[in-house]
1. Hey, how many Å between the Cα centroid of segment 86-150 and the Cα centroid of segment 390-426?
2. When you count, for each residue, the other Cβ atoms within 10 Å and take the mean per peptide, how do 164-173, 348-357 rank with the highest first?
3. Output wanted: per-residue J couplings in Hz (rounded whole) for segment 100-115, from phi through Karplus 6.51 cos²θ - 1.76 cosθ + 1.60, θ = phi - 60°, x for Gly and Pro.
4. Can you list residues whose amide H is under 5 Å from ILE166's amide H, if they're 5+ apart or on another chain and H is modeled 1.01 Å from N?
5. Using each residue's phi in segment 292-303, evaluate 6.51 cos²θ - 1.76 cosθ + 1.60 at θ = phi - 60° and report the 3J(HN,Hα) Karplus result to the nearest Hz, with x for Gly and Pro.
6. What are the residues whose amide H is under 5 Å from the amide H of THR127, where those residues sit 5 or more places off or on another chain and H is modelled from the backbone?
7. Quote the relative contact order of segment 359-429 in percent (integer), defining contacts as alpha-carbon pairs under 8 Å separated by 6+ residues.
8. Determine, for each peptide in 394-406, 53-65, the mean count of other beta carbons within 10 angstrom over its residues, then list the peptides with the highest first.
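Here, each number is a calculation from the coordinates, and none is a lab measurement. What you are looking at is a predicted structure, and each value in this text was computed from that prediction instead of being measured. Methodologically, a virtual Cβ is constructed for each residue, glycine included, from the backbone with ideal geometry; neighbour enumeration extends over all protein chains shown.
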Amino acid sequence: MNKKEDQNQPALKQHRKFLISRMISLQIVALSIIAVVIGITGIYLFRDSVYGNVSKSSSVICSSIKNYCESSVSKTSRSSEDIMKDEHISFILDQAGAETGMSIFLFDQNGECIVCSENSGAEPDKTVMPASLVSEMKNKGEIVSDEKGIFNTKNTMPAVSKGISISVTEKNGDSTDYYLFTNTFTDDVEHFTRMILIAGCASVIPVLILYAIFIRNFTLKYFVGPEESITRVIRNCAKGDFSETLNPEDFSTPYYQENVNSLNQIINNLKSTGEQQSQFVSNVSHELRTPMTIISGYINGILDGTVPKEKRTEYLYIISQEMQRLKILVSSMLNLTKYDNGTIQIKREVFPINDLIFRTFLMFENRLEKRNITVEGLDCDTLYVYGDRDLIGQVIYNLAENAVKFVDTGGTITITLEETKDASLFSIRNTGPGIPKDELPKIFGRFYKSDFSRSHDKTGLGLGLDIIRKILRLHDAQISVSSEENVFTEFSVSFPKKSDAQD
């Protein structure tokens with residue numbers, strides 16, 4: 001770490017502390033807002049509940065008065081107006097007023113007070129509904145007012161007044177309207193809600209202060225320190241230095257232990273990628289240099305007359321082969337780029353793989369006959385696979401080409417097709433020198449060629465098996481290899497059934 005970075009460390013620490021303090025402040029503000037919203041919502045719900053009970057109580061009183069009045073009208077010849085003056089009506093209002101704390105008033109359709117509850121402190125003879133209120137009751141049948149309790153001239157406390165119309169059916173079938181008003185004084189409710197709000201604030205504020213202190217100390221201890229170590233390693237990685245990794249056991253929280261493990265894995269992957277890049281450049285340079293040297297040498301020989309005229313056609317044929325080799329190399333690298341970038345398109349369908357296998361081995365007929373190679377299993381039962389016909393054809397071609405290259409003279413290539421409940425299995429086995437056990441895990445690597453394959457395959461690029469692996473991954477298929485030196489080599493591919501592949 002240079003001198004400039006050392007000088008920046010205190011500033012970075014101070015900046016982190018500032019960010020943490022700001023984060024905690026925002027959390028406290030958010031929690032405070034949430035607490036206030038919850039408190040206010042709770043208060044309003046409480047008030048709504050109280051006023052809802054008032055409304056229910058008013059309705060119950062109305063029902064009691066109406067039932068009593070209509071029952072008395074049906075049993076006697078008295079009018080509802082006379083019955084409303086009965087002591088039982090006064091008893092209903094007094095009892096309801098005592099139980100609910102409401103002041104209750106009963107008016108006739110002209111707005112004159114018939115009776116009022118004892119706790120109202122009002123006198124019926126001196127209590128009259130204003131004409132505007134009578135008209136409003138006739139039009140609406142029910143009103144609610146949050147002004148100071150009407151009809152309570154001596155009581156100036158805030159109240160909720162509710163008016164309900166009572167329609168009583170007379171004996172002759174006509175109906176007479178009466179108006180019941182209840183005054184519910186809200187001073188006790190408002191006092192109770194204020195006390196809840198004050199108590200809530202008194203308890204929430206100290207909790208938030210303690211929370212801020214605890215979170216700040218905890219964050220500085222468990223987050224800022226580990227963060228500095230991780231930041232240092234990340235900066236080194238940005239400079240291309242992958243030499244330093246962190247020990248997960250040095251971190252006390254599972255969160256950072258998991259992140260450190262991931263960071264170490266990234267560093268190891270970057271190391272491996274760098275090595276692979278170097279190996280890739282080396283291999284490509286080697287593969288390009290050989291055909292280009294041959295092409296350049298032969299062309300110069302033809303141009304300067306070193307190559308006799310009678311051999312120019314032969315040398316031009318060699319140049320053509322080397323050009324074809326370069327074309328295959330470039331094409332394979334472009335295909336690998338498409339696979340790596342995920343830009344290749346696949347068209348899935350269910351088709352028999354037997355025909356592809358048969359037509360592929362026909363391409364190698366001359367080579368097989370020259371070396372007296374026997375191919376077995378081409379007459380297997382039909383096996384259906386689900387995938388892209390062209391891409392799977394490329395897999396079969398690459399596997400068949402490898403088998404033809406490395407089968408011993410006079411040897412055998414065996415094709416096996418098998419169908420299970422969950423998969424379609426395909427394998428190619430060739431007799432021959434086989435693959436050493438220590439090289440089996442490496443053969444699918446890009447540009448990898450064993451010593452034996454280098455000596456027997458002068459034109460191969462070492463890309464075939466990597467391309468096969470990419471194609472099979474697109475199909476959710478699996479490939480495996482088994483070999484015994486000087487006996488056989490077998491590649492096996494397992495294709496999932498259609499339903500499994502779609503899932």
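1. 100
2. Peptide ranking by packing, descending: 348-357, 164-173.
3. Once rounded to whole Hz, the list reads 9, x, 8, 8, 10, 10, 10, 10, 8, 6, 9, x, 8, 6, 8, 7.
4. Under 5 Å from the amide H of ILE166 lie the amide H atoms of TYR178, TYR179, LEU180, each far enough along the sequence or on another chain.
5. Computed from phi, the couplings for segment 292-303 are 5, 5, 5, 4, 4, x, 5, 5, 4, x, 5, 5 Hz.
6. CYS113
7. Normalised by residue count, the contact order of segment 359-429 is 39 percent.
8. Descending packing order for the listed peptides: 394-406, 53-65.
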